[in-house]
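Since every read-out is calculated from the coordinates, none of them should be taken as a lab result. Please read these numbers as outputs of a predicted model, since none were measured by experiment. Note: ideal-geometry Cβ built from the backbone for every residue, glycine included; neighbour counts use all protein chains shown.
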Amino acid sequence: MELTQELRTLAKFTSVAAPVISVYLDTQWRDQHQRERVSTFLRRHITQARSLRLDTDAARQSLEHDLERVAQWGQRLVAGNVDVHMPGMALFTCHAADLWVELPASRPFEDAFILAERPAVRQLARLDEDYVSALLVLIDSRAARVYEVVLGDIVGEVDFSHAFPGRHKQGGWAQMRYQRHVLEYMERHHREVAADVTSYLEAHPHALLILSGQTDIVTNFRATLSGPMQQRIIEALRLDMHANRRHLLEAAQEVLQQHERREEAAAVQRVIERAGQNGLAVLGLQATLAAVNTSRVHQLVMQDTALPGWRCLMCDHLLAHAVLQCPLCGGELSTTDLCEAMVSAVLRTDGAVELIEPDAHLARYEGIGALVRYA
Ligand SMILES: [Zn+2]
C-alpha cells in the first residue's frame, strides 16, 4: 500500500545537516474556532522553533526556509474549503535534504509539531495499521457492486449488472429449463465478479474482503473464489444493494475496526504466549528496549501512549532511566518520547509495529512487548 511505503521511507530518512519538521493536525473544521486553534498552534510552534540555536548556518537557513514554508502552508490549509477537505493532515519537511511530504488523512491526528533529525512517524504508523484496505462486494444473482475501501474512504467502484432475458409464462419443461438457465447465469456472473475480485486481491496482498448479500447467494459466490482468496474474507453482511455510499462506507469501516481490535488482541496474546514458553518474545519496558536497541524486534506491540525516556545523540541507544552518559559510547543523552523513538527504530530495521488501545493483558507488562527475531 502506498501509505505503508511512505511510512517506511520516512522512518528511514535521517538528516544530519538540518532538523526535520513533523507536523500533525486535527483539521476537522467544525467551526471557525477550530481553524483559529490550528492557526494559533502553528504560530506558537513556529515562533518557538525560530528561537532555536543551531550549530551551523546551513542548518539555520534550512530551518528558516522550512518554517516560512510551513507558515504559508498552514495559512492555506486553515483558509481552505470544507468540501475538499480531510479531517487530518500530516507534513514532513527538511529543506536541506529536499524533503516535503504532505499526507492528508481520513481521520484527525493529535496536534503535534516536532523538530528532530528524523520524521516523527508514530501517528502515521498508527494510521497505517488501523486502516487496512478492503474490497466490499455486494452480490446477488445477477448484479454486483464492488467498492474499494482505502484509508477510510471509498476510492473505487465497479458495477456488474447484466441484462437478463425476461421470464415468460411457461410451465413444465420450459419452466425447468428456465430455472437451470437462471442458475447457470448466476454461476457465470459470480465467476466473472470473482475473477475481478481475485485480480484485485492478488495485486493488493494485504487487502481484505467483505461480502454482502443473501446467505445462499454469498455461499455460492464464496465457493467460486479460491481457498487463499476465501481466507481474506473477514465478514459477510446483509446490506441493501442500493444503499448509498456513505452507509456502505460506515458499515465497512465498522467491520474493519472490529477486525483491527481482534488483530490487536491476537498480537498481544501471541507475545504473552511466546514469552511464557521462553520463545522468541519479550515483555515489559526494559526487555523490549533491550530488543529495540539490538535491532532484534520482529513486531513491536505497545499501547499507544507517550513514554518519557532518553536517547543517545551519538549512537541512538534508548534508555528508560536517566544516566550521566550513554553506557555504550559515552555520548550525550537527550530526553525523548520512547514510544515515538521505538516505533521509528523498529520501522528503520524493517520490523512491524502494532500500536494498540489500552489492553488489560498487556498492561500487566507495562503495556509493551515484542516478538523478536532471535533471543
Ligand atoms: Zn551512545
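I'd like the antiparallel share, as a percent to the nearest 5, of DSSP beta bridges with both residues in segment 262-375.
If I count the DSSP bridges inside segment 262-375, around 75 percent turn out antiparallel.
What angle do you read, to the nearest 10 degrees and between 0 and 90, between the alpha-carbon axis of helix 215-224 and the longest principal axis of the chain?
On a 0 to 90 degree scale, this one is about 80.
Relative to the longest principal Cα axis of the chain, at what angle does helix 245-276 sit, 0 to 90 degrees, rounded to 10?
On a 0 to 90 degree scale, this one is about 60.
Out of segment 272-375, which GluC sites (Glu not before Pro) are coil in DSSP terms and have no more than 15 other C-beta atoms within 10 Å?
Those that pass, being in a loop and sparsely packed, are E332.
Cβ under 11 Å from S212's Cβ, S212 left aside: what net charge do those residues give with Lys, Arg +1 and Asp, Glu -1?
After counting each charged neighbour, the total is -1.
Quick check for me: using +1 on Lys/Arg Cβ and -1 on Asp/Glu Cβ, what's the dipole size of the chain about its Cα centre, in debye to the nearest 20? Write down the numbers at each step before the final one.
Values: 38 positive and 48 negative charges, 135 e Å.
Dipole magnitude for the chain comes out near 660 debye.
Going by how many other beta carbons lie within 10 Å of each one, how would you line up D350, D304, fewest first? Before the final figure, lay out the partial values.
Details: D350 12, D304 18.
Placing the least packed residue first, the sequence is D350, D304.
Under a GNM of the chain (C-alpha, springs under 10 Å), which listed residue has the highest mean-square fluctuation: V271, V197, V132?
V197
Stick to Cα atoms and the Kirkwood definition of Rh, then tell me Rg/Rh for segment 44-156.
1.13
Applying 1/(1 + (r/R0)^6) with R0 = 35 Å to the Cβ-Cβ distance of A97 and I217, what FRET efficiency is obtained, to the nearest 0.05?
In this case the efficiency is close to 0.05.
How far apart, in nm, are the 7 Å Cα→Cβ label points at Q175 and D57?
A separation of 9.6 nm, rounded to one decimal place.
How far, in nm, would the chain grow between A265 and D31 when pulled straight, counting 0.36 nm per residue and subtracting the alpha carbon separation?
That works out to 80.5 nm of additional length.
Arrange the following residues from fewest to most other Cβ atoms within 10 Å of their Cβ: I210, I356.
In order of increasing Cβ crowding within 10 Å: I356, I210.
What would the Debye equation give as log₁₀ I(q)/I(0) for the chain at q = 0.07, 0.09 Å⁻¹, counting only Cα atoms as equal point scatterers?
-0.42, -0.65
Taking loop as defined by DSSP and a crowding limit of 12 other beta carbons within 10 Å, which trypsin sites (Lys or Arg not before Pro) in segment 274-375 fit? Can you show the working numbers first?
On the way: sites: R274, R296, R311, R348, R364, R373; in loops: R296, R364, R373.
Qualifying residues, ordered by number: R364.
Any chance you could give the angle, 0 to 90 degrees and rounded to 10, that helix 32-50 forms with the longest Cα principal axis of the chain?
The answer is roughly 40 degrees.
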